[in-house]
């Protein structure tokens, strides 16, 4: 059942919780991701605890979402395949805080927000537009800003499972363009496959 993500106070950063901003949790030795176009460090956007999605076929772990803010237009940060963003699924066990080499507004959001999950009661778009505390939705189906852009898994080529839609509200402000939304996907068959993209008006 899809659930609204409502803004709440920042959690303990070292707890594997769904949240916007802060620093991500990742296995020891994980490198901070770089943009394939400009080679600059990406900005961490959100961490999703996949068990929070609560739907069959969604693998466990943490989904970490990054995009490039060095040259957003040139790096095509909205595109799931262009290399200007990254969705990284990692295991929770043994995960530690991942530090950017040079912390800045281009690598970390200004703030960190926690998420309180409540059942989605009615159309998501209506609740999102009515309540500024809505940071996104977990599970269900995406509410696309533009056309359906569900990515295919890079290995099995099957459509990926939607897990999260984010709005440009948390963490002190996520840049998804004009009235944009971000979308996170995982593959239920291929554990390491995940995608992130965003759309704007």
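For region 125-201 and region 28-88, what is the separation of their Cα centres, given in Å? Here the two parts' Cα centres lie 12 Å apart. A Förster radius of 30 Å, combined with the Cβ-Cβ distance separating residue 97 from residue 37, puts the computed FRET efficiency at roughly 0.65.
Mean projection of the Cα convex hull over all viewing directions, computed for the chain: 10.3 nm².
Note on residue 131 and residue 201: the extension gain reaches 23.2 nm, defined as 0.36 nm multiplied by sequence separation minus the Cα-Cα distance.
Laboratory data are not the source of any read-out in this text; all were calculated from the coordinates shown. These numbers come from a predicted model, not from an experiment. All Cβ positions, even for glycine, are placed from backbone atoms using ideal geometry, and neighbour counts span all protein chains on display.
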